[in-house]
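Asker: What follows is a single structure, and I will ask about it in a moment.
Please treat every number below as a calculation from the coordinates, not as lab data. What you are looking at is a predicted structure, and each value in this text was computed from that prediction instead of being measured. Because the Cβ atoms are built from the backbone with ideal geometry, glycine has one as well, and the counts that use them run over all protein chains shown.
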Amino acid sequence: MDNDGPQPFYFDALSRAERLSHGVFHRQGGSSPAPWDSLNVGLAVGDDAELVAENRRRIKQALGLSALVGARQVHGDRVAVITGDSGVDIDGVDALVTDVPGIGLMIQQADCQAVLIYDPLRPAVGIAHSGWRGSVANIIQRTVAAMGEAYGSDPGAMYAAVSPSLGPCCGEFVNHRAELPEAFRAFQVQSNHFDFWAISRWQLAAAGIRPARICVAGVCTVCDPRFFSYRRDNVTGRNASVIGLRP
Ligand SMILES: [Zn+2]
């Protein structure tokens, strides 16, 4: 256990929004032992549920939010509209949206992307879990559309941020001919390697978000030992990405 407290990665563009609280949390500052050391938020990776609950409590406190709502992610394309504190992770969805102040929307990841979305006008927030299957299903477009349907959010007013995640350096897909659509070939950076950061940038822009309002962390979780990485370690924890409107 370390006592440094949770240490989030922040996006400058989102930090400037006074009504917003967000962060992509590093491994440190939690209570879980190896191989989940230490700020693991995943409940399905073998870690103790009480330690995970303590880790989530620390994250909620660090962000000044009154609740955290997570998802039991399935690499699908369903979006849940959150109207209150569910108390449990929402089953079978990979994106969450809300306009309720104080509720942090949380995605769990170990190399997959969390894509954070902020509409300052309504205001409202959204977050999507986008691994390669999510990219193929275009969960990003579904999330932007869900904010439009639920809140009348205009993509032209939104900000979007792609979390630390699998980089083009480590994004090897040996079965890409079977797994990835033809359109992704434009993002093939070397033999069997794909740039999913660029794919998300492209999908966000196609959903109507201005390119100048899209930021990509550009940090590879496989290369950077501060983050949990499934590709690197196999049995490991899950990093938390959270976005919410301040209470
Ligand atoms: Zn890498």
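Asker: Once fully extended, how much extra length lies between N175 and H75, figured as 0.36 nm per residue of separation less the alpha-carbon to alpha-carbon distance?
Answerer: Net length gain for the segment: 34.2 nm.
Asker: Related question: Please report the relative contact order for the chain, taking Cα pairs under 8 Å with a sequence separation of at least 6, and give it as a percent rounded to a whole number.
Answerer: It rounds to 24 percent for the chain.
Asker: In Å, what Rg and Dmax follow from the Cα atoms of the chain?
Answerer: Cα radius of gyration and Dmax of the chain are 16.7, 48 Å respectively.
Asker: Mind telling me which of E54, E172, E18 comes out most flexible in a GNM of the chain, alpha-carbon contacts under 10 Å?
Answerer: Top of the fluctuation ranking is E18.
Asker: Taking the mean number of other Cβ atoms within 10 Å as a proxy for protection, how do you rank 86-96, 19-29, 127-137 from highest to lowest?
Answerer: 127-137, 19-29, 86-96
Asker: On to the next question. Which order, highest average first, do 153-162, 30-39, 100-109, 4-13 follow once you tally other Cβ atoms within 10 Å for each residue and take the mean per peptide?
Answerer: Those peptides, ordered most packed to least, come out 100-109, 153-162, 30-39, 4-13.
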